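The values are calculated or read from the model by the stated rules, or taken from the named source; none is laboratory data. All values reported here derive from a predicted model rather than from experimental measurement. Don't worry about glycine lacking a Cβ; one is built from the backbone with ideal geometry, like all the others, and counts go over all protein chains shown. These area figures cover heavy atoms from the full protein model, side chains too; ligands, DNA and RNA do not enter into them. Shrake-Rupley method; radii C 1.70, N 1.55, O 1.52, S 1.80 Å.
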Protein chains: 2
Amino acid sequence: MLNTFSQFLPSRIYASYDVETKAPLEAALETMAGEQSSGTFLALPGETPELKARYGARVERIDRTSESAAATVLSWPIENMGPSLPNLLSTVAGNLFELKQFSTLRLTGLHLPDEFRAAYPGPQFGVAGTRRLTGIANGPILGTIIKPSVGLSPRETAALVQQLVDGGIDFIKDDELQADGPHCPFAQRVEAVMAVINSHAERAGRKVMFAFNLTGEIDEMLRRHDIVEQAGGTCVMVSINSVGLSGVTYLRRHCRLPIHAHRNGWGLYSRSPHIGISYLAYQKLWRLAGVDQMHVNGLRNKFCESDASVLASARECMTPMFNGANRGCEVMPVFSSGQTVRQVQDTWNALSTADLIYAAGGGLMAHPAGVAAGVRAMRQAWQSAMEGVDLQTAASAHVELRQALEKYA
Amino acid sequence: MLNTFSQFLPSRIYASYDVETKAPLEAALETMAGEQSSGTFLALPGETPELKARYGARVERIDRTSESAAATVLSWPIENMGPSLPNLLSTVAGNLFELKQFSTLRLTGLHLPDEFRAAYPGPQFGVAGTRRLTGIANGPILGTIIKPSVGLSPRETAALVQQLVDGGIDFIKDDELQADGPHCPFAQRVEAVMAVINSHAERAGRKVMFAFNLTGEIDEMLRRHDIVEQAGGTCVMVSINSVGLSGVTYLRRHCRLPIHAHRNGWGLYSRSPHIGISYLAYQKLWRLAGVDQMHVNGLRNKFCESDASVLASARECMTPMFNGANRGCEVMPVFSSGQTVRQVQDTWNALSTADLIYAAGGGLMAHPAGVAAGVRAMRQAWQSAMEGVDLQTAASAHVELRQALEKYA
């Protein structure tokens, strides 16, 4: 909806919504605008016409999609709350979802004025920084995840990491369920894993990026960040919904490593067709807060998200939020969830870029000839896609890819 | 569901869910338990029976409510994540809502082991502290909210506060849309408002509690807290969903004033009958984090929450989370949203306690004889309810209550 809206004024915030109501549409939207700015359910003496004109939210556009439904754009002056992400969230996604008038209310898009870019750091590393730290200049960054999610000791985790780095992987992440549990303490996990990664880096000339899950309280996260940095690690991961906006922003200001943003819990925001927030709006908050890599699910994933939604999310992560060089806050999308060599060509064809992390678990590790063959097969799939060679032709030239196609039929 | 579950073991986390699935129920629940602990969609070599027995989530109970639906209880060992609220959230409400197997998945309850109580501060003031600071020993704390929500200058806000304190109010709060916007800077608002409140306190012998909305980034919130404290203020308000768990926990550790928790955005979690989190689970996270007052909506409110849900939320806020004196983390429920003298008797009858903040906007201020009469009418309504006097009898003895009943018919 905001894609086709072009009357953005400076110093105003624009949010688009899909709504459905049994009430007269215009009146319901005016109520919504009033509730989220100067109004309330009763006319009050202080709400003068001057005050309303200056601070009231405006219904900018209504595109009816049926008798009772519409795509709509509302706007607010930034003067109402200043360039503050938490207060922006209370304004565009606060006491709205409970309004009796609406049977559907979904925040579908967000356009922010330049004041936000000035107030927030944005990503510190993004695509270029992630490529530099991994030493992968071209093609996707091939990733995987430590499994089982919980239960491995630091030593067992490091043994698995050894297999993975020997297999030629570029990127590994903790599971979001593994942070600093007593059976696998964070500091000991970092020490054991980084011994493997540093030693491999000396031999291989490039360092595998491990996203250590530092999710926790503020002090804990800062302490864990420093542990990773001191051990030579190159990435930290955070469960953004569990920590929250202010905590992630604070972490970013302290952080000297890329932040891998895990969106677990995202289904709560996105699954209902009636109530929720689109990733097209949601990811902008976290990009401004300053994460570097964001999960977008993957094609034909094991969850219930459609391919169209996955691709729209990935494209949005790579689309500048503001004008001007280095102001776009682009982040690296992370593809995952049931990914194998089978989804590579479609992913490439849809996006025409490999500026992404492509993570697979079973899709690499269950390769019949082992992890190294799994990684090679995945690179072969990407290489052939990027060169415009079809999958069957590529498979006839590469035994690992051929085996993978048979395995993941 | 957890109310009738009695087999809680120490050092385990219990979460109840309402689920619906087209798949065989037991198998779907085992998948859910696996996804949130040691399993994944493929059997992996590292997931040994020993590991699974120790770290795997367990399906503790399944109460079928129909062919395809059930209320269920799952449990986890605290060893998986330690007593960490953000990591707890990633476990009990993480990558669950997107599972294809389920058409309904709602987290309905939470039972936490004592380790959490040892790790978190809980409320610093609660009911007793709020009563002490307001000087209201008995009956509800009568509250109201600054309206229009945004647009008033600090001076205009203070003028409205003057009317309210002169009218005999106990508690006032900022709107959640008003934090530190350029038209009403936080520091100037505090200065102007506290001049009125302090001066009134000197005359009246008790200080009206004003919940200043300090929502923002971590550093901003700490700075704003100190401004309120130095000006003699007695409460700060935070939009908990906008700030997030780690930010609110951090604020609490610094805070020397009661924290008024505003739940704006709550409809996103609660409105869908299919996907979401019950307040019975949700409020426990924030109580442990350490807020003192929590919004629960009100009877016959202007949103779409049922009275039964409002009352269940309020009761839960007042129910101890853990055993032992001073370990219950009880918070003061805040009633609001379209409240007038009309809902008082039903609220009292349902709860048999007045350990609550009862906030009304138009319900006080639109009284035909003015704010002071509105406050008196509300106290008369509560007094008569608490004494078992019916509303009509009370109205015949009190002119303000009579006028209010006519106004809010």
Residues being in a loop (DSSP other than H, G, I, E, B), within 14 Å of residue A:70 (Cβ to Cβ) and open to solvent by less than 90 Å² (accessible area, probe 1.4 Å): count how many of those fall in segment A:1-31. 3
If I filter segment B:143-157 for residues that are part of a strand (DSSP E or B), small (Gly, Ala, Ser) and away from chain A (no Cβ under 11 Å), do I get at least one hit? yes
Quick one: residue A:103 ticks every box in (1) open to solvent by 50 Å² or more (accessible area, probe 1.4 Å); (2) free of Cβ contacts under 8 Å to residues at least 12 places away in the same chain bar one, so which box is it? (2)
Options A:305, A:406; residue that is touching a helix residue (DSSP H, G or I) at 6+ places or on another chain (Cβ under 8 Å) and of a type in the set (Asp, Glu): A:305
Hey, among B:135, B:129, which residue is over 16 Å from residue B:195 (Cα atoms), out of contact with any Asp or Glu (no Cβ under 6 Å at 6 or more places or on another chain), open to solvent by less than 10 Å² (accessible area, probe 1.4 Å) and modelled with pLDDT of 95 or more? B:129
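Restricting attention to segment B:30-39, does a residue exist that is in contact (Cβ under 8 Å) with a residue 40 or more places away in the chain, of a type in the set (Gly, Ala, Ser), more than 10 Å from chain A (Cβ to nearest Cβ) and within 19 Å of residue A:265 (Cα to Cα)?
Filtering segment B:30-39 down to residues in contact (Cβ under 8 Å) with a residue 40 or more places away in the chain leaves B:31-33, B:35-37.
Next, from what is left, pick out any that are of a type in the set (Gly, Ala, Ser): B:33, B:37.
Next, from what is left, pick out any that are more than 10 Å from chain A (Cβ to nearest Cβ): B:33.
Among the residues that remain, those that are also within 19 Å of residue A:265 (Cα to Cα) are: B:33.
The answer is yes; a qualifying residue exists.
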Given (1) surrounded by 19 or more Cβ atoms within 10 Å (Cβ to Cβ); (2) more than 9 Å from chain A (Cβ to nearest Cβ); (3) of a type in the set (Gly, Ala, Ser), number of the condition residue B:195 does not satisfy: (1)
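Quick one: would you say residue A:227 is within 14 Å of chain B (Cβ to nearest Cβ) and open to solvent by 20 Å² or more (accessible area, probe 1.4 Å)? Talk me through it step by step, then tell me what you get.
Values: within 14 Å of chain B (Cβ to nearest Cβ): no; open to solvent by 20 Å² or more (accessible area, probe 1.4 Å): yes.
No, not satisfied.
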Being in contact (Cβ under 8 Å) with a residue 40 or more places away in the chain, under 18 Å from residue A:137 (Cα atoms) and of a type outside the set (Val, Ile, Thr) is the filter here, so list the residues in segment A:352-380 that pass it. A:354, A:355, A:356, A:358, A:359, A:376, A:378, A:379
I need the full set of residues from segment B:81-100 which are more than 9 Å from chain A (Cβ to nearest Cβ) and touching a residue at least 60 places away in the same chain (Cβ under 8 Å), in order please. B:92
Can you tell me which residues in segment B:366-396 are β-branched (Val, Ile, Thr) and crowded, with 17+ Cβ neighbours inside 10 Å? B:371, B:375
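Looking at segment A:76-110 only, could you name the residues that are part of a loop (DSSP other than H, G, I, E, B) and closer than 20 Å to residue B:271 by Cβ?
Taking segment A:76-110 as the starting set, the residues that turn out to be part of a loop (DSSP other than H, G, I, E, B) are A:81-84, A:93-98, A:100-101.
A:93, A:94, A:95, A:96, A:97, A:98, A:100, A:101, listed by residue number.
Identify, from the list A:141, A:136, the residue that is under 20 Å from the mean Cα position of the chain (by Cα), under 30 Å from residue A:347 (Cα atoms) and assigned by TED's automatic domain parsing to the domain that holds residue A:321.
On the way: A:136 fails: under 20 Å from the mean Cα position of the chain (by Cα).
Result: A:141 is the single residue among A:141, A:136 that is under 20 Å from the mean Cα position of the chain (by Cα), under 30 Å from residue A:347 (Cα atoms) and assigned by TED's automatic domain parsing to the domain that holds residue A:321.
Of all residues in segment A:61-80, which are facing chain B (nearest Cβ under 7 Å) and open to solvent by 10 Å² or more (accessible area, probe 1.4 Å)? Write out each step before concluding.
Applying the first criterion (facing chain B (nearest Cβ under 7 Å)) to segment A:61-80 yields A:79-80.
Hit for segment A:61-80 is A:79, nothing else.
Does residue B:216 satisfy the criteria of being farther than 25 Å from residue B:91 by Cβ, in the same structural domain as residue B:186 (by TED's automatic domain parsing) and surrounded by fewer than 24 Cβ atoms within 10 Å (Cβ to Cβ)?
no
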Condition first: at pLDDT 95 or above and buried (at least 18 other Cβ atoms within 10 Å of the Cβ). Can you find one or more residues in segment A:43-57 that meet it? yes
Counting only residues in segment A:49-60 that are touching a strand residue (DSSP E or B) at 6+ places or on another chain (Cβ under 6 Å) and within 14 Å of chain B (Cβ to nearest Cβ), the one farthest from residue B:148 (Cα to Cα) is identified as A:58
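Restricting attention to segment B:111-137, report how many residues are aromatic (Phe, Trp, Tyr) and in a loop (DSSP other than H, G, I, E, B).
Going through segment B:111-137, the residues aromatic (Phe, Trp, Tyr) turn out to be B:116, B:120, B:125.
Subsequent filtering for residues that are in a loop (DSSP other than H, G, I, E, B) retains B:120, B:125.
Result for segment B:111-137: 2.
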Quick one: in segment A:158-192, of everything that is within 11 Å of another protein chain (Cβ to nearest Cβ) and among the small types (Gly, Ala, Ser), which residue is surrounded by the fewest Cβ atoms within 10 Å (Cβ to Cβ)? A:159
